[in-house]
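Before any comments, here is the structure.
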Amino acid sequence: MQNVKLWIWPGLAAVACLSALAIWFTAGSIEADLQSRTMSALRTDHAWAQVLIKGRDLTLTGLAPDEESREDALSIARNVYGVRDVSDASVLLPEEKPYRLSAEKTPDGIILSGFVPNETARADIISTLTGLLPGIALSDRMHLARGAPTGLVSLAGHGLSVFSRFSTGSMSITDRTMDITGQALNPDDHEAALAALSLVPPSAGIVSSVEITPAAAAGEYSWSATKAADGIVVSGYVPDGEIREAIMARAGSIGGDLGADDRMRYATGVPDGVDWMAATETALSALGKMSAGTVTIMQGRLDVSGEASDVGAFRSIQDILSSRLPGGLVLGTADIGLAQGASYRWTAQLTGERLALSGLVPSEAFHTELLEQVRLKFGSIALDDATGIAPGAPQGFEAAALTALQGLSRLDEAEIGIGDGVVSIRGSALNEAGAREVARLIAEGLPAGFSGEAAVSPGNDRGDELNPEACQAELNRLTASNIILFETAEAAIQDHSFGFLDRIARIARQCGEVRLEISGHTDSDGSEADNLALSDRRARAVVDFMTAAGIAADRLVAVGHGESRPLASNETDEGKAANRRIEFRVLN
């Protein structure tokens, strides 16, 4: 019996140990399974959470980003199958108010500082940067804190997206407001950064301020604006936002309903001495007078081309460009025409001893010719020339203008105008012969494509009858202002002098019954006999003209003196021109 006891007690002890070991191993397997399944359930939305297992009881630990997240994690743990009880040993992250996050790009890399709500947010921000700037040195000084605003990571992503456009820069977020500063790598990156930041959605936050320092211009510092049927396009460089806004406001005002398209870029490099605001305003002022055209500023030089909307607009453009340009600008090229369908007009007005020209002529060469014709027909008359140069004149315009000017020369207090294919002339004739000739010119002398309208009234001689001394004085005054022109080596009077002789005839009529000697003189070219005969014929041609102008033939005496009475040396062209003359002398 004693032997049996010796055998049973050791066996019972062994069985007890084996049972205890079985229970211990089973409990360990259950705890591991519960922990695995609980962590798996928490991992998706609560990576911060950890659990301690004792039997089937769990303890939640870790830094919870907020109360809501902690309660949600506890609920998930309690719902894991097999868990009996869950206790909370987690700690809330410290709260930050206001909530700040910043990033600074330096030549040495990027420094991240401030706060993020969890490790997932940290990883997302770092991933954004390394994706944009692979290989860049990154210093993570961010801390975990609760109180993050909605959309923090999204807002930070938008801010960091422009770091690849900067050589240096910074992003600063306070709650839902972001400020950006940076030095643009080049003008294109500057515009790309602005465009990207303008797309930040309101759900992410607010971009409070953007301060990007412009890069240097690529190539010459230039700017241009083009006006077409579909609106205005503005491109080129501007130094800052204030000037950009002013330019677009002005461009929008002249673009009308179509507005203006801003394609400008920021850049440094405005030429020394140039006021970019004043320069662009001047250019846009000219563009505003055009129906279509382009204005360009290149290194302080203004080039203008296009079509003026009408004659008045053309004149305004000329006024802008002909005066001293503001802002340090100098005028380069100016190629301005009239818009298709715009009326091409030119006028000349004769008032007393003054002639005023205005409107448009097609070329500088014709303008020069026109002024020469004025000098030949009107002598030293006071001239106000406001004529503009613009292509687009109808065919035959130049011939029509010269014909009209010839008609004007035979009138007093008169005006001529050309527009829309019509030549109009009005004024007082100096004599009946002149009136008939003006009517003939307008009816028969105009080129094809032009018609005429004439309103010519009979002229009246000015003032009271002149005594012989006053008569001679008036004749001297008039002949000092112009000369009578003849065809070379002929006695035929050029039509340039018809109006001048009309005015001499008017004075002669005012001189009552006094007789007038009309003497012809020549230079020394040719033989003396030939010159004497030529001077006599020319004097008689003037007598014939004045007789036709209403002066009685018995009051006129023609005398030829040839080269015998020179006024100047015949050794120079100027002297010869002075010697070729017609003189008028009152005979007592």
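Just so it is clear, none of the values below were taken in a lab; they were calculated from the coordinates. Everything numeric in this text was worked out from a predicted model, so none of it was measured. Virtual Cβ from ideal backbone geometry, glycine too; neighbours counted across all protein chains shown.
Ranked by the mean number of other Cβ atoms within 10 Å of their residues, highest first, the peptides 375-387, 420-432 come out as 420-432, 375-387. Each peptide in 525-534, 33-42 was scored by the mean count of other Cβ atoms within 10 Å over its residues; highest first, the order is 33-42, 525-534. Only one residue of G560, A49, G526 has its Cα farthest out toward the positive end of the dipole of the chain, where Lys and Arg carry +1 and Asp and Glu -1 on Cβ, and that residue is A49.
Please work out which option in (1) 54; (2) 48; (3) 70 gives percent of Cα pairs over 32 Å apart calculated from these coordinates, and answer with its label. Among (1) 54; (2) 48; (3) 70, the one derived from this structure is (3). Straightening the chain between R375 and S36 buys 111.0 nm, computed as 0.36 nm per residue apart minus the Cα-Cα spacing. Secondary-structure-derived ellipticity at 222 nm for the chain, considering helices only, amounts to -12500 deg cm²/dmol, per-run term -39500 (n - 2.57) for DSSP H runs with n ≥ 4. For region 443-493, a/c is not less than 1.5, where a ≥ b ≥ c are the root eigenvalues of the C-alpha gyration tensor, and a/b does not top b/c. That puts it in the oblate class. Between Q494 and L185, the C-beta separation translates, for a Förster distance of 45 Å, into a calculated FRET efficiency of about 0.05. Put a dot 7 Å past the Cα of D335, heading toward its Cβ, do the same for A448, and the two dots end up 3.0 nm apart. Relative to the longest principal axis of the Cα atoms of the chain, helix 276-287 runs at roughly 60 degrees. If you take all other residues with their beta carbon under 15 Å from the beta carbon of D85, and give Lys and Arg +1 and Asp and Glu -1, the sum is +1. Placing unit charges on each Cβ (+1 for Lys and Arg, -1 for Asp and Glu) gives the chain a dipole about its Cα centre, and among Q510, I111, P447 the Cα reaching farthest toward its positive end belongs to I111.
Note: relative contact order over the chain, using C-alpha pairs below 8 Å and six or more positions apart, is 6 percent. Each residue in I504, I493 was given a count of other beta-carbon atoms within 10 angstrom of its own, and listing them fewest first yields I493, I504.
Rounded to the nearest 20 debye, the dipole size of region 500-588 about its Cα centre is 520 debye, using +1 on the Cβ of Lys and Arg and -1 on the Cβ of Asp and Glu.
Putting +1 on Lys and Arg Cβ atoms and -1 on Asp and Glu Cβ atoms, find which of L60, L430, P271 reaches farthest to the positive end of the dipole of the chain. Selected residue: L60.
Kindly express, to the nearest 10 degrees and within the range 0 to 90, the angle between helix 498-510's C-alpha long axis and the longest C-alpha principal axis of the chain. So the helix axis and the longest Cα principal axis differ by about 50 degrees.
For region 215-313, the alpha-carbon radius of gyration amounts to 1.02 times the rule-of-thumb value 2.2 N^0.38 Å expected for a compact globular protein.
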